Amino acid sequence: MIIDVFPHIVPQGLYERYYQSGLPGRWPGPKCQYDLEVRFRVMDRVDNYKQVLTVPISVVDVLNQDPDAKELARLANDGMAELVAKHPDRFVGFAASLPFLGTDAALEELDRTVGKLGALGVEVGTSVNGAPLDDPRFEPFYARMAALGKAIWAHPARAAAAADYAAEAHSKYRLSTTFGWPYETAIFMSRLIFSGIMDRYPNLRIITHHAGGMVPHHAMRIVAQSKMRGTEGHPVADILKKDILDYYKMFYGDTAMQGVAPHALECALSFLGVEHILFGTDMPFGEEDGLQYIRDNIATVEALSLDKAERQKIFEGNARQVLALR
């Protein structure tokens, strides 16, 4: 079996309530993202393939800003729970979406979705309205997630409004997603490490999109720079309780490389270890309503220097272990 831990969907109730308004900026993504008939046709073209449902980052952003975020979050979560209940042969679970992360409303919805709907965890952006996720207001969220023992899906959240250069008004040429997203993921991971969150909650299970972004490819640079004096007035490694790379290896990464890229995934595999790589595709993005990304990710995993048991860990076993799937 193949379990895809990072495909995206817009449940019907959320689609009807928010996206069908036709207002500017409210694009629900490819049709496969909200049309189940189209989605099932794509899924049927891959043998023994199932999904863990997550919303696209656009929805995560909306739920941290929109005045109706509480209602929209319930629509998203109720919709995904309903899909899992109706189609257990296709969907093995879902990651909940929270309104106004860092507030009591988010914790209330977290408790509801895990306790009543059976959510496998929570999806967050790597920043919230421009604020880093090591801000003290998010501490109760991490404490609750650690207590629940549920996973956190971390999706990069850098928008085009984040300029490439200080003298410019916004990013150009889709560089905010091409390079900004892997960078954003690395910064998110680093801030959780240096702020002490990974020390205070060592059992957090955080699944990073795109195989940990820049981190696996720049591991030695991380080590070298950590020994140098930072803006805090001392080498940044001085505040850590263990080797810096051991912290980064606490995270998990998916395989969503947006193409056949065994060289890139081999690097992530070498750094994080086979037990910390989960199959994820970014479907329905990519050509053919996401079918291309599914096939490319399968081809990438099959091209790695792994034995059958290791390959099956990535395709299925690690998802079952990390998400406590039966």
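The values are calculated or read from the model by the stated rules, or taken from the named source; none is laboratory data. Since this is a predicted model, take the numbers as computed values, not measurements. Cβ: placed from backbone, ideal geometry, glycine included. Neighbour counts: every protein chain shown.
Here are some notes:
- Selection from segment 39-54 of residues that are assigned to a strand (DSSP E or B) and either of a type in the set (Lys, Arg) or touching an Asp or Glu at 6+ places or on another chain (Cβ under 6 Å) (or both): Lys50, Gln51, Thr54
- Qualifying residues in segment 15-38 (those that are charged (D, E, K, R) and in a loop (DSSP other than H, G, I, E, B)) - the one modelled with the lowest pLDDT: Arg26
- Taken over segment 146-179, the residue count meeting the criterion of being within 15 Å of Ser58 (Cβ to Cβ), surrounded by 11 or more Cβ atoms within 10 Å (Cβ to Cβ), at pLDDT below 90 and among the aliphatic types (A, V, I, L, M) is 2.
- Among the conditions (1) within 20 Å of Ile3 (Cβ to Cβ); (2) small (Gly, Ala, Ser); (3) in contact (Cβ under 8 Å) with a residue 60 or more places away in the chain; (4) out of contact with any Phe, Trp or Tyr (no Cβ under 7 Å at 6 or more places or on another chain), the only one that Gly29 does not satisfy is (1).
Yes or no, residue by residue, for (1) β-branched (Val, Ile, Thr); (2) over 17 Å from the mean Cα position of the chain (by Cα); (3) farther than 23 Å from Glu316 by Cα:
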| residue | (1), (2), (3) |
| --- | --- |
| Leu101 | no, no, yes |
| Ala106 | no, yes, yes |
| Leu110 | no, no, yes |
| Val114 | yes, yes, no |
| Ala119 | no, no, no |
| Ser127 | no, no, yes |
| Ala159 | no, no, yes |
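- For segment 168-202, a residue qualifies if it is touching a residue at least 24 places away in the same chain (Cβ under 8 Å) and of a type in the set (D, E, K, R), and the qualifying residues are Glu184, Arg191, Asp199, Arg200.
- Which listed residue, of Gly102, Gly118, Gly93, Gly79, is touching a strand residue (DSSP E or B) at 6+ places or on another chain (Cβ under 6 Å) and either part of a loop (DSSP other than H, G, I, E, B) or at pLDDT 95 or above (or both): Gly93
- When the residues of segment 270-326 are filtered to those that are among the hydroxyl-bearing types (Ser, Thr, Tyr) and without any contact (Cβ under 8 Å) to a residue 40 or more places away in the chain, the one that is surrounded by the fewest Cβ atoms within 10 Å (Cβ to Cβ) is Ser305.
- Any hit, segment 235-243, residues being at pLDDT 95 or above, surrounded by fewer than 17 Cβ atoms within 10 Å (Cβ to Cβ), farther than 21 Å from Ala151 by Cβ and hydrophobic (A, V, I, L, M, F, W, C): no
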